[in-house]
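Please read the structure below before turning to the comments.
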Amino acid sequence: MIVFDRLWQTMKQRKISQYKLIKEYHISTGQIDRLRKNSFVSTYTINELCKILDCNVEDIIQYIKDTNSNSTQQESIEDK
């Protein structure tokens, strides 16, 4: 599972708020909501966040292995 916990830490270090992302950098509230929920965001958005925060991808994204996934879900993904 991809999580964005590091994003919030990096934003705090860079003193950039969610409000500033929305008002000054035109990141949509829908994107912010998806980031909060660890939901799908595009690579375009990830790229923009890296530019805004002057950071690397690993400063905003982390992969955590999902121990609850079963082989049926994995097969379904691989079939697509």
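Some values worked out for this structure:
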read-out: Hey, Q13 open to solvent by 60 Å² or more (accessible area, probe 1.4 Å), among the polar types (S, T, N, Q) and modelled with pLDDT under 95 or not; value: no
read-out: Subset of segment 42-59 [at negative phi, touching a residue at least 12 places away in the same chain (Cβ under 8 Å) and outside any helix (DSSP H, G or I)]; value: C55
read-out: Yes/no for Y19 being open to solvent by 60 Å² or more (accessible area, probe 1.4 Å), modelled with pLDDT of 95 or more and outside any helix (DSSP H, G or I); value: no
read-out: Residue within segment 62-70 that is part of a helix (DSSP H, G or I) and either open to solvent by less than 100 Å² (accessible area, probe 1.4 Å) or modelled with pLDDT under 95 (or both) present; value: no
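The values are calculated or read from the model by the stated rules, or taken from the named source; none is laboratory data. On a predicted model such as this, the values are computed, not experimentally measured, just so you know. Reconstructed Cβ throughout: ideal geometry from the backbone, glycine too, with neighbour counts over all protein chains shown. Each accessible area value is taken on the protein alone, full model and side chains, heavy atoms only, with ligands, DNA and RNA left out. Shrake-Rupley method; radii C 1.70, N 1.55, O 1.52, S 1.80 Å.
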